[in-house]
C-alpha cells in the first residue's frame, strides 16, 4: 500500500454547512490556507431545504433570549461580533432578493440556492478548497501526549514542523474498482474546526461525529434531544388528528413558562406548525402543553355575551365563526356532545364558562416528538464551559474549535439558528 506524505493546511474545517462555509471564507480572507471537508455529495444541504426552500437566513431582531443553552450568556459575544446586519449586508452585496415576513424573519425571495451560491462565491474568491465525499478517520493531536516521541518520527513528514497541531486521516480511496488502493490520505493543520452539525435530519447528514470528536478530546457533551419538532399522540387523540390532518389554526401555546402565538397544524401523526415547533424545544417527556384556541379572547365571557345576543344559535355554529368547522365538530364530540342540539339560551352561564375555559386552556399530553428524523435542530451538545465564547476555541486544547449546531446553543424558530451559525463561524474564522 502506498503511504502518501501528509498535506499541510493552516485550517481544516469538518463540515460544509452554514457555520463551516462562513468560517472558511472568513479565515481565508486573512490569508490562511483553508480546506473544508464534507462527507455528503454536496455542500449546504440543510441550507437548501430550510424555510421551504427559501431559507430563513436571519432575523431583524436577535437577542440572547432567542437561544437555549445551559449557559445562556455564552452566545452573546459571538452574536455581537457578527450581527444580523453584517449578514444582511453580505446578502445585499451579492444582489440576493429577500423579504421580511412576520416576526421579523428574513427569507430569500427566490431560492435558498442563492445563499449557498453566495457562500461558495465568498469561499472561491478567498481561495478556500472544498472537498465532498470525504470520510474522516482518526484525528490525532500532534501536541502533548499524542505528539511523536522521537526526532526521526518528527522528521518523517517535514510538513509537521510548520506548527501543525492535528493530523487527520481520510478514508482510503480508489481511482477505480480495478486499481489497487492508494492508501489513506493524511492531512496536518494548525487549526481544526468542527462544524459537523448535530443529530437532526440524518438524511441530510446529521450525525454524532462532532460529539465523538469532542469526547475524544475530553469535552463534556450535554444531554441531547430533538428540538423544533412536531408532537405525536396515541389512541383517540391520534385518530382525531388524522381526521383533521391539514387543518391549521392560530393558537397560543404554553409549556414550562414559555408561550408562543402562531399557527398549529394537525397532521396524521399529531400536531405541528410554527407554534408547536417553538414550544417543543421547551417540552420534556411527560409534560403537558396548554393550547389557547382563541388567543386574545376570554371564551367564557364571549359565550355568555353571545347567549344574550344570539340565544337561538348552537355552540357549534357560534365557534364556527372563529375556527375551522372540522375542528369545531371534533371538539363538540370531545367536550359537549350531549349539548349539541341545545341553543345557547338553554345553557347556564356556568356551563358556558366551563366550555370557554376548555377552549382557552386545552390540555394536551404528547406521547413523544417525531424525533430527529424531522427535527430542525438538536438541543444540547458540546458543553460550552470548555469553549471560549469569543473565539470558539477549546480552552484546554489549542487549535481545536467547535462552531454551529454541534455546540450547546440552540435557537428558536425564525432564523436564529442560522444567525448562530454565521456568528460562531465568523468568530472562529477571525482567529484560526
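Since every read-out is calculated from the coordinates, none of them should be taken as a lab result. These figures come from a predicted structure and were not determined experimentally. In this analysis, Cβ positions are derived from the backbone assuming ideal geometry, glycine residues included, and neighbour counts consider all displayed protein chains.
Brief remarks on what is shown
- Rounded to the nearest 5, the antiparallel percentage of DSSP beta bridges internal to the chain is 70%.
- Per-residue [θ]222 nm for the chain (sum of -39500 (n - 2.57) over DSSP H runs n ≥ 4, rounded to 500): -8500 deg cm²/dmol
- Debye intensity ratio I(q)/I(0), log10, region 292-432, q values 0.09, 0.11, 0.14, 0.21 Å⁻¹ (C-alpha model): -0.53, -0.62, -0.72, -1.17
- Computed over region 299-341, the convex hull of the alpha-carbon atoms projects to a mean area of 2.9 nm².
- Across the alpha-carbon set of region 231-369, the Rg to Rh ratio works out to 0.98, Rh being the Kirkwood radius.
- Gap separating the Cα centres of region 1-72 and region 216-232, nearest whole Å: 19 Å
- Inter-part distance where region 76-132 and region 392-424 are each reduced to a Cα centre, Å: 17 Å
- Springs between Cα atoms under 10 Å define the GNM used for the chain, and in it the highest mean-square fluctuation of 400, 120, 334 occurs at 334.
- Degrees between helix 416-429 axis and first principal axis of the chain (Cα, 0 to 90, nearest 10): 20 degrees
- Once both labels are positioned 7 Å from their Cα atoms along Cα-to-Cβ, the gap between residue 99 and residue 431 label points is 4.1 nm.
- Gyration tensor analysis over the Cα atoms of region 369-432 returns equivalent ellipsoid semi-axes of 23, 14, 8 Å (largest first, whole Å).
- Residue list for region 217-252, given a label point 7 angstrom along the Cα-to-Cβ vector of residue 333 and an amide N cut-off under 16 Å: 234-247
- Most mobile listed residue (135, 114, 341) in the chain, GNM with C-alpha springs under 10 Å: 341
- Residue 129-residue 92 FRET efficiency (beta carbon distance; Förster radius 22 Å; 0.05 resolution): 0.20
- Volume per residue for region 325-383 equals 148 cubic angstrom (convex hull of Cα atoms).
- Nearest-ten-degree value, helix 325-335 long axis tilted from longest Cα axis of the chain: 70 degrees
- Distance cut-off 31 Å, percentage of C-alpha pairs in the chain lying past it: 48 percent
- Two-decimal Rg/Rh across region 36-92, once Rg and the Kirkwood Rh are taken from alpha-carbon atoms: 1.03
- Centre-to-centre separation between the Cα atoms of region 287-303 and those of region 312-350: 15 Å.
- Highest-fluctuation residue, 402, 107, 87 considered, GNM on the chain with Cα pairs under 10 Å: 87
- A quarter of the convex hull surface defined by the alpha-carbon atoms of region 1-124 gives 10.3 nm² as the mean projection.
- Approximating the spin labels as points 7 Å out from Cα along Cα→Cβ, the residue 341-to-residue 49 distance works out to 5.2 nm.
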